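Below is one structure, written out as structure tokens; the observations come after it.
The values are calculated or read from the model by the stated rules, or taken from the named source; none is laboratory data. This one's a predicted model, so the numbers in the text were calculated from it and none came from an experiment. Don't worry about glycine lacking a Cβ; one is built from the backbone with ideal geometry, like all the others, and counts go over all protein chains shown.
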Amino acid sequence: KAIAEYYHGLPVVAPASLPAAPKDNVGETLAIHGVGAGTDHAIPACDSCHGAGGRGLEPEFPRLAGQPVNYLEAQLKAWQGGARHEGNTHLMQNIADMLSPAQIKAVAAYFAAQPPVAPGT
């Protein structure tokens with residue numbers, strides 16, 4: 001009971017704000033449009049699978065919007081390094097393999113700065 005009273009007495013703290021969106025638009029371009037369309041090294045838009053704004057199309061394509069930047073970067077690096085796997089398509093591994101370190105940082109920062117929304121909304 002004492003613990004509950006202690007927590008009840010603490011002031012309400014506003015939730016942390018979303019990180020600021022990057023000033024360049026590299027991440028936004030990757031997310032919405034992709035890069036290199038029509039070339040052998042085309043990177044499709046993240047939104048083409050994960051839904052507009054990275055809202056997610058569960059269960060196949062998880063939400064990206066509002067995820068922590070470090071988490072998003074780590075997942076893309078895990079795909080690149082082969083630590084993460086998926087069925088036989090290797091879709092994300094192939095995409096991650098084409099991303100430069102700067103592109104990984106940019107697209108992760110872009111999605112981290114987006115407000116999280118419920119899938120399918």
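Only one residue in 102, 108 is touching a residue at least 60 places away in the same chain (Cβ under 8 Å) and more than 12 Å from the chain's Cα centre (by Cα), so which one is that?
Numbers: 108 fails: more than 12 Å from the chain's Cα centre (by Cα).
Being touching a residue at least 60 places away in the same chain (Cβ under 8 Å) and more than 12 Å from the chain's Cα centre (by Cα) holds for just one of 102, 108, which is 102.
If you check residue 95 against the conditions, is it closer than 25 Å to residue 24 by Cβ, β-branched (Val, Ile, Thr), surrounded by 11 or more Cβ atoms within 10 Å (Cβ to Cβ) and in contact with a strand residue (DSSP E or B) (Cβ under 8 Å, 6 or more places away or on another chain)?
Values: closer than 25 Å to residue 24 by Cβ: yes; β-branched (Val, Ile, Thr): yes; surrounded by 11 or more Cβ atoms within 10 Å (Cβ to Cβ): yes; in contact with a strand residue (DSSP E or B) (Cβ under 8 Å, 6 or more places away or on another chain): yes.
So residue 95 fits the description; yes.
Checking residue 48 against (1) among the polar types (S, T, N, Q); (2) closer than 19 Å to residue 110 by Cα; (3) not in a helix (DSSP H, G or I), only one condition comes out false. Which one?
(3)
Take region 56-92 and flag every residue that is within 23 Å of residue 36 (Cα to Cα), at pLDDT below 90 and either hydroxyl-bearing (Ser, Thr, Tyr) or surrounded by 12 or more Cβ atoms within 10 Å (Cβ to Cβ) (or both).
Within region 56-92, 89, 90, 91 qualify.
Checking residue 114 against (1) part of a loop (DSSP other than H, G, I, E, B); (2) surrounded by fewer than 19 Cβ atoms within 10 Å (Cβ to Cβ): exactly one of these is not met. Which one?
All conditions are met except number (2).
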